[in-house]
Amino acid sequence: MFELLEKCVETKAAQEADLMQLRGQTRTMKTCTVRNGVIEEFSDISLDGFGVRAFVDNKSWGFSSTNTLDLESAKRTLENSIKLAKASSHLKTQELKLEPVKQHIADVSTPVKKPIQDFSPEEIVEIPLEAYKGAKKVGTQIADVKATYINIEDEKYFLSSEGTRIHQKATRVLLFVNVMAKRNGLLCPTSENLGHTGGLEIFDETSPYSLGRNVAENAAKLLKAKAPPSGKFHVIVHPTLCATLLHEAIGHPLEADLAMAGGGFSDHIGELVSSKLITIYDDGQVKGGLGYFPYDDEGVECKRTVLIENGVLRSFMHDRSSAALSNVSPTGNSHAWDYGVEPLIRQTNIGIEAGDYSLEEMIEDVKEGLLLEGTFGGQADVNADFTFGFQKAKWVRKGRLAEELRGANVAGNAIEVFKTIDAVGKEAVLRPGACGKSQFAVQGRVVPAIRCEIPVGGTGG
């Protein structure tokens, strides 16, 4: 692949651009879905190709891609990217003085203890099938079980006219389990997932069977639980819900393209925007995180970027263009799902630094409140206004856990909610996640439990 990219960047046409970035990629992806003991899908997909970005007149980008890997097609793709950049240049009025980046020559691979290639298709099918068996073992009240296994093997090649040459190889494994329990017309859904950058060794610690059983046991318990109350409560947000809250309602507004469009954090650099107990960062080098990327898709090293430090907004996540507009350095947050799309500003592994409280200590200081666990996702906007579903809750009364409650919704403004945080858990958990900002992405979240005030929309009264 590098030979083809090098021949392209050496062509006469490439000299017409101020900067050329070429990204080659090969990918294989297996997906196996089992629903109620039946294999609904087993797919084995592969792709390869490359994309070209051209920067001209110090203000305009053009992008083109192809899945035909011969020299003539490659040259044509490069020429198209330059033509597109020039065509839009006259519409741009602001020059971008891209900060020169360090030239990298690198070859990096994810450590894998149990490679995908060592397992037959029959053994792969057993992974979601075992999750199903674990769930059904809980009893007849388990009405529906869906388990989906995915592995992604990526080999990426990056070459720029600035002299950077990077080869990255990574394997990612995920398992999603969704369960529905049913009794007398009452439906109680629960879900959980596993995921990391690495091989099938992920199941050495938590087996598919135990994951499926745990999800189903949670669903079955909720059949006996009451609906949660409505109102504003002092709550402990478990890492399984905190991960969604952090990524969606805080993380996205901290992405420079959204912040510069007028988001909730837009012009507050240097100001207190959260509780002083909160430090938030993004780090592409978290080992095992789904967002583990040593380098981004502009050839910038992915390092730890402190976004909020002791409650004070310090930085946004930047690509090279937004960094130029903000007169700061890029942070290694320019990522594309595959070679066929242009990179966007994305989170890698976003995290909250651990605090000083055990979960028990967080609970014992609450006179009356709730412990919220699990997520059904939801939505948030650039102003950090959000609505998310949680899977289950427990009353906290006089510092002790009381009866279990079913799931409902939380809503509010995350910036205001984070200002109310009065305790942060001392154990930060690495969670898997995904994102659909214009294009798909897999990412990590490193989150402790937090204690705060948050509006809960339940039906228990």
- Among the residues of the range 192-221, how many are part of a strand (DSSP E or B) and in contact with a Lys or Arg (Cβ under 9 Å, 6 or more places away or on another chain)? 4
- Are there any pairs, at least 6 apart or on different chains, whose C-beta atoms fall under 6 Å, with the first in the range 402-431 and assigned by TED's automatic domain parsing to the domain that holds LEU272 and the second part of a helix (DSSP H, G or I) and of a type outside the set (S, T, N, Q), and if so, which? ARG406/LEU222; ALA414/ALA249; ALA414/ILE250; ALA423/MET362; VAL429/PRO239; ARG431/ALA243
- Query: Residues of the range 254-282 being at positive phi and modelled with pLDDT under 95, which ones?
  - Reply: GLY262
- Checklist (1) within 30 Å of GLU360 (Cα to Cα); (2) touching a helix residue (DSSP H, G or I) at 6+ places or on another chain (Cβ under 6 Å); (3) part of a loop (DSSP other than H, G, I, E, B); (4) of a type outside the set (Lys, Arg) applied to PRO228, failing item: (2)
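Residues are listed down the side, and each one gets a yes or a no for (1) over 30 Å from GLU453 (Cβ atoms); (2) at pLDDT below 95; (3) surrounded by fewer than 24 Cβ atoms within 10 Å (Cβ to Cβ); (4) under 16 Å from the mean Cα position of the chain (by Cα):
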{"site": "ALA243", "(1), (2), (3), (4)": "no, no, no, yes"}
{"site": "GLY251", "(1), (2), (3), (4)": "no, no, no, yes"}
{"site": "GLY284", "(1), (2), (3), (4)": "yes, no, no, yes"}
{"site": "GLY291", "(1), (2), (3), (4)": "no, no, no, yes"}
{"site": "ARG304", "(1), (2), (3), (4)": "no, no, yes, yes"}
- In the list THR66, THR28, THR77, which residue meets the criterion of being outside the structural domain of TRP337 (by TED's automatic domain parsing), among the hydroxyl-bearing types (Ser, Thr, Tyr) and surrounded by fewer than 18 Cβ atoms within 10 Å (Cβ to Cβ)? THR28
- Going through the range 31-63 in order, the residues found to be buried (at least 16 other Cβ atoms within 10 Å of the Cβ), within 30 Å of GLY212 (Cα to Cα) and among the hydrophobic types (A, V, I, L, M, F, W, C) are CYS32, VAL34
- Query: Does ILE152 satisfy being closer than 22 Å to GLN443 by Cβ and either surrounded by fewer than 19 Cβ atoms within 10 Å (Cβ to Cβ) or in contact (Cβ under 8 Å) with a residue 40 or more places away in the chain (or both)?
  - Reply: yes
- Would the range 312-319 turn up any residue that is surrounded by fewer than 24 Cβ atoms within 10 Å (Cβ to Cβ), modelled with pLDDT of 95 or more, in the same structural domain as PRO432 (by TED's automatic domain parsing) and closer than 23 Å to HIS104 by Cα? no
- Of all the residues that make up the range 105-149, how many are surrounded by 19 or more Cβ atoms within 10 Å (Cβ to Cβ), assigned to a strand (DSSP E or B) and among the small types (Gly, Ala, Ser)? 1
- Note on the structure: In the range 281-312, anything assigned to a loop (DSSP other than H, G, I, E, B) and more than 19 Å from GLY195 (Cβ to Cβ) is listed as ASP296, ASP297, GLU298, GLY299, VAL300, LYS303, ASN310, GLY311
- Those residues of the range 37-81 which are in contact (Cβ under 8 Å) with a residue 24 or more places away in the chain, aliphatic (A, V, I, L, M) and either under 30 Å from GLU126 (Cα atoms) or assigned to a helix (DSSP H, G or I) (or both), in sequence order: ILE39, LEU47, LEU71, ALA74, LEU78
- Message: Looking for something more than 21 Å from the chain's Cα centre (by Cα), surrounded by fewer than 17 Cβ atoms within 10 Å (Cβ to Cβ) and part of a helix (DSSP H, G or I) - is there at least one such residue anywhere in the range 266-273?
- Response: no
- Task: Filter the range 238-279 for residues that are closer than 18 Å to ALA411 by Cβ and charged (D, E, K, R) and give the result.
- Result: GLU248
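The values are calculated or read from the model by the stated rules, or taken from the named source; none is laboratory data. Nothing here was measured: the structure is a model prediction, and the numbers come from that model. Methodologically, a virtual Cβ is constructed for each residue, glycine included, from the backbone with ideal geometry; neighbour enumeration extends over all protein chains shown.
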